[in-house]
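Notes follow once the structure below has been shown.
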Protein chains: 2
Amino acid sequence: MVQSHRGLLGEIDAYVKRHRDRVQLAAPPLRVPGGEKCKNSVDSLDRVLNQVNELGIDRHSYILAIGGGAVLDMAGYAAALAHRGIRFIRVPTTVLAQCDSGVGVKNGINAFGKKNFLGTFVPPSAVLNDFEFLTTLEDRDWRSGISEAVKVALIKDASFFDHIERHAASLAKRDMALTQQVIYRCAAMHLEHIRCNNDPFEKGSSRPLDFGHWAAHKLEQLTDYELRHGEAVAIGIALDCVYSHLSGLLGSKALERILSTFETLGLQLYSPALLECEPHSPKRTLSVFAGIQEFREHLGGELTLMLLTQIGSAVNVHQVDEALYRRAIHILKER
Amino acid sequence: MVQSHRGLLGEIDAYVKRHRDRVQLAAPPLRVPGGEKCKNSVDSLDRVLNQVNELGIDRHSYILAIGGGAVLDMAGYAAALAHRGIRFIRVPTTVLAQCDSGVGVKNGINAFGKKNFLGTFVPPSAVLNDFEFLTTLEDRDWRSGISEAVKVALIKDASFFDHIERHAASLAKRDMALTQQVIYRCAAMHLEHIRCNNDPFEKGSSRPLDFGHWAAHKLEQLTDYELRHGEAVAIGIALDCVYSHLSGLLGSKALERILSTFETLGLQLYSPALLECEPHSPKRTLSVFAGIQEFREHLGGELTLMLLTQIGSAVNVHQVDEALYRRAIHILKER
């Protein structure tokens, strides 16, 4: 973040000076590594906690984090734990985090090789989506962020999917006005879901916003986080859509529209890690199908996956046919 | 716990067998060290988390912890973090934990030499107070537990204080029926406070239930947790009561009743650690007065301590006179 936006620290400093009657920094900003690696060990977490202790930051103070979803997850987790909760402001800097996790209520880090094994549910005090941060993203980070918008459109809003489909080529070319619209609508839908779904803290077994995520989380781990979260989500959604079709739930025309939209957005629909799935291998935790059990375990209760019945409309299922999933993987591979 | 109640593991096993249609243990009970040491490092925490991972315990499962307040704090913290929250049942085994923290909404561990620096607010799924566990407590653990009942009586309920005062000698001699009454009433008042005080998660700066605790937490640390929490709370309350008197808030007759009641209960009112309080020492964090700043910092906002105006009635103050506190310490020392 600081590397991409060289003027950022100076701008923060100038802002604080300009508003010194209302804003005070406890210390110069702490810099942590970006990306999933800041969640894979406790190093960054410990650095934030150490600062909270040394600076005497208290529950009436704010921790403000600027970064992608992983940095916000880690910093939000630190804020949730120190003194049992310091106020936390998220400034997401990626299309993905602005679309999705920025307005979410979760934080956490990875442990035991499992994504988000440790964490808490805490709504942030504020979320600031500043589109200026998007300008320095790599193309793949821009594009991969759109996949969470495709997700929420597919399960909830056919007209939003139409919009993304129609403008997919421009979104892939980083049209800023269109991307802002998509981010705004996606974040609003995400927030409304949390507010109105009667299960903001996931006491039940259903997790509609995690459509396509069982495979996505496992693929991130299997590729050692070489795949970005949004890229993995695109593959996970493609996989669940093909499976929905093979199960007789989703028509072939709708399937083709979904897969084409991802492709026009510049997103891959296949990863070789999908084929690390030998069902009788002793290293079964290294198969993508171990993701199904880990997904169930994270929420508990009955296995509950979402499949699509049409664009904008989904249904929960409670068991899966691995052989059919393997056919779906091969369809994506051949495509 | 297991050492004191040798039959416990067998009884648990028999219970589970008897109710196997409804109860299933994921594994034999995990044994952890009791007392504050299980909160002073992440060793026990990591062992619980490791079990959650290895046994595939999910959000619809329960972790049931049997132990004193420290063990319940640590195990509850692990339960709160794994998968962002596994259901948690507390079985407190001490007078103190049955009176007080068992029905509370907090969990946590110590870090940076500060008590409960890391933690979350999560109400337990259930709390089981089994008085049978109290029978094997050491005398000092029995008695020290009563101090939290004295605390809640002093700030909220003069008639409850009268009751404790009247029966102090019998309580010190471990009269079971009287102790059960005290535990029941104290736990009920504690719970009512959390439910009805409009600040269960301590967003504000006032914390009535922590009357006497600023010094108590620091004394525990200064004595390397040689003082039990309840013993430290008795000293902390005595100190704040003498200070209330010196400030002109509390009458001398009420003060004498309070101090005598603690003495009849068999609780010390003084610790040499109180005099590690040289105000100009470079090791100021090792002075009990550093506890005031740490106490403020834990909640944030304005310093807010409770002082007594009479038995059953307290008032918030926002600044303290250290010189007057030093006089209070010397009064306790000379007593």
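Among the listed pairs A:17/B:218; B:151/B:203; A:203/B:37; B:106/B:151; A:37/A:173; A:39/A:218, give every one whose C-alpha distance is greater than 26 Å. Display every interim value, and only then the final one.
Values: A:17/B:218 37 Å; B:151/B:203 22 Å; A:203/B:37 32 Å; B:106/B:151 18 Å; A:37/A:173 28 Å; A:39/A:218 15 Å.
Distance filter (> 26 Å) returns A:17/B:218; A:203/B:37; A:37/A:173.
Inter-copy label distances at residue A:170, shortest first and taken from points set 7 Å along Cα to Cβ: 8.3 nm. What separates the Cα centres of the stretch A:15-52 and the stretch B:177-250 is a distance of 34 Å. Peptide B:77-87 has a mean of 6 when you count, residue by residue, the C-beta atoms of other protein chains within 10 Å of its C-beta.
With contacts taken as Cα pairs under 8 Å at a separation of at least 6 residues, the stretch B:138-334 carries a relative contact order of 29 percent. Between the amide H of residue A:67 and those of A:91, A:93, distances stay under 5 Å, these residues lying 5 or more places away or on another chain, with hydrogens modeled in the peptide plane. Computed packing ranks the peptides A:115-122, A:156-163, B:196-203 as A:115-122, A:156-163, B:196-203, most packed first, by mean other Cβ atoms within 10 Å.
Against the main long axis of the alpha-carbon atoms of chain B, helix B:176-196 sits at an angle near 90°. Each other copy holds its own label point for residue B:275; taking that point as 7 Å from Cα along Cα to Cβ, the gaps run 7.9 nm, nearest first. The two copies B and A are related by a rotation, and the chain B beta carbon nearest its axis, with distance in whole angstrom, is B:120, 3.
Distances between equivalent label points of residue B:204 across the copies, with each point positioned 7 Å along Cα→Cβ, amount to 3.6 nm, shortest listed first.
Using the Kirkwood radius over Cα pairs, work out the Stokes-Einstein diffusion coefficient for the stretch B:177-226 at 4 °C and 1.567 mPa s, in µm²/s as a whole number. Value of D from the Cα-based Kirkwood radius: 100 µm²/s. Amide H to amide H, with H built 1.01 Å from N, residue B:250 comes under 5 Å of B:245, counting only residues 5 or more places away or on other chains.
How much mean residue ellipticity at 222 nm does the protein assembly as shown get from its helices, if each DSSP H run of length 4 or more adds -39500 (n - 2.57) and you divide by all residues, to the nearest 500 deg cm²/dmol? Please report the intermediate quantities before stating the final value.
Details: 28 runs with 326 residues, N = 670.
Mean residue ellipticity at 222 nm (helix-derived): -15000 deg cm²/dmol.
Note on A:291-297: average number of Cβ atoms from other chains within 10 Å of each residue's Cβ is 2. When the alpha-carbon atoms of the stretch B:8-134 are used, the pair Rg, Dmax equals 14.0, 46 angstrom. Working from the Cα coordinates of the stretch B:138-334, the gyration tensor eigenvalues give, after taking √(5λ), semi-axes of 25, 20, 16 Å in decreasing order.
Which whole number gives the average, over all residues in A:306-318, of C-beta atoms from other chains lying within 10 Å of the residue C-beta? Please report the intermediate quantities before stating the final value.
Numbers: counts 0, 0, 0, 0, 0, 0, 0, 0, 0, 0, 0, 0, 0.
The per-residue average across the peptide is 0.
Note on the protein assembly as shown: Rg/Rh from C-alpha atoms, Kirkwood Rh, equals 1.03. Of the peptides A:98-108, B:127-137, the ranking by mean beta-carbon count within 10 Å, highest at the top, reads A:98-108, B:127-137.
Of the GluC sites (Glu not before Pro) found in the stretch A:292-335, those in coil by DSSP whose Cβ has at most 13 other Cβ atoms within 10 Å are A:302.
Placing a label point 7 Å from the Cα of residue A:12 along the Cα-to-Cβ direction, the residues of the stretch A:42-67 whose backbone N falls under 18 Å from that point are A:44-58, A:61-67. Packing here is the average count of other Cβ atoms within 10 Å per residue, and on that basis the peptides B:183-192, A:28-37, highest first, run B:183-192, A:28-37.
No lab work stands behind these numbers, since they all come straight from the coordinates. Keep in mind the model is a prediction, meaning the values are calculated, not measured. FYI the Cβ positions are ideal-geometry reconstructions off the backbone, even for glycines, and counts take in every protein chain you see.
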